[in-house]
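Just below is one structure, and these are the notes that go with it.
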Amino acid sequence: MDAVAQLLDVFLHLDAHLAEWAGVLGPWLYVLLFLIVFCETGLVVTPFLPGDSLLFAAGALCALEGSPLYLPTLAVLLIVAAVTGDALNYWIGSYVGPAVFTSDNSRFLNKQHLIRTQQFYARHGGKTIFLARFVPIVRTFAPFVAGIGRMPYGYFAGWNVTGALAWVTAFLLGGYWFGQIPTVKRNFHIVIVAIIAISVLPIAVEYVRARRRPEAVA
């Protein structure tokens, strides 16, 4: 329970924790943020890592006077992390995905997340790679499922790059411009919860629709 409480504290007070890590790590904070974004997008076993909220908090940290982070440098690094993470996830899916997807007893993967992502694809097609950037969990599984489905890599890469550009710049700039507003700073934990809630909303809508379909057929 202590570990869960600590993890929750990190999620809700990312601004304070990032400032603390910046004091300890200095420029190495770039490396830490790169790795978090890369792993969240590149490894299907780490969908729990913060994405939207981390980018927003990092953008807010960039706006502080004397910050060790420079916004343009951070934006380039995190766009590269997001693009290469999705690319790795795609290739993992293309090589090992089919066997994992057909297994009902995978120790590392939640098959329901895979199925939900497949349903997301069924509704939105190839642009799922772009849209998934803004949806936690689906963001991590979408490139993996694209690899499983043998989506042409050139087509995938186009959506991958544009999605990474939109996702990283939107949340970094949002944090940079709004994160230093006194009301936002005082209620940063509420902002983080709101970002997570808004991001998860598409999953909730898809879930409700999926639950209602059998009833409609019946």
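Restricting attention to segment 45-69, the residues that are more than 22 Å from ARG139 (Cβ to Cβ) and charged (D, E, K, R) add up to 1.
Taking (1) part of a helix (DSSP H, G or I); (2) touching a helix residue (DSSP H, G or I) at 6+ places or on another chain (Cβ under 6 Å) in turn, PRO136 satisfies each apart from (1). For segment 161-190, the candidate set comprises residues that are modelled with pLDDT under 85 and open to solvent by less than 50 Å² (accessible area, probe 1.4 Å); within that set, the residue that is farthest from PRO50 (Cα to Cα) is VAL184. Taken across segment 30-49, residues that are touching a Leu at 6+ places or on another chain (Cβ under 8 Å), assigned to a helix (DSSP H, G or I), among the β-branched types (Val, Ile, Thr) and open to solvent by less than 50 Å² (accessible area, probe 1.4 Å) do occur, with at least one present.
Here HIS113 meets each of (1) open to solvent by 10 Å² or more (accessible area, probe 1.4 Å); (2) touching a Pro at 6+ places or on another chain (Cβ under 9 Å); (3) over 18 Å from TRP159 (Cβ atoms); (4) at pLDDT 75 or above with one exception, condition (4). Checked against the criterion of being at pLDDT 95 or above, surrounded by 22 or more Cβ atoms within 10 Å (Cβ to Cβ) and either closer than 19 Å to VAL193 by Cα or of a type in the set (A, V, I, L, M, F, W, C) (or both), the candidates ALA82, ALA87, ALA60 yield just one match: ALA82. If you filter segment 19-55 down to residues that are charged (D, E, K, R) and closer than 15 Å to ALA81 by Cα, you find that the one that is modelled with the highest pLDDT is GLU40. Checking each residue in segment 149-172 for being of a type outside the set (Lys, Arg) and over 16 Å from the mean Cα position of the chain (by Cα) picks out GLY149, MET151, PRO152, TYR153, GLY154, TYR155, PHE156, ALA157, GLY158. For segment 63-71, the criterion of being of a type in the set (Ser, Thr, Tyr), modelled with pLDDT of 80 or more and assigned to a helix (DSSP H, G or I) is satisfied by no residue at all.
The values are calculated or read from the model by the stated rules, or taken from the named source; none is laboratory data. Remember, predicted model here, so these are calculated numbers, not experimental data. Cβ sites come from the backbone with ideal geometry, for glycine too, and all protein chains shown count toward neighbours. Note: areas computed on protein heavy atoms with side chains; ligands, DNA, RNA excluded. Shrake-Rupley method; radii C 1.70, N 1.55, O 1.52, S 1.80 Å.
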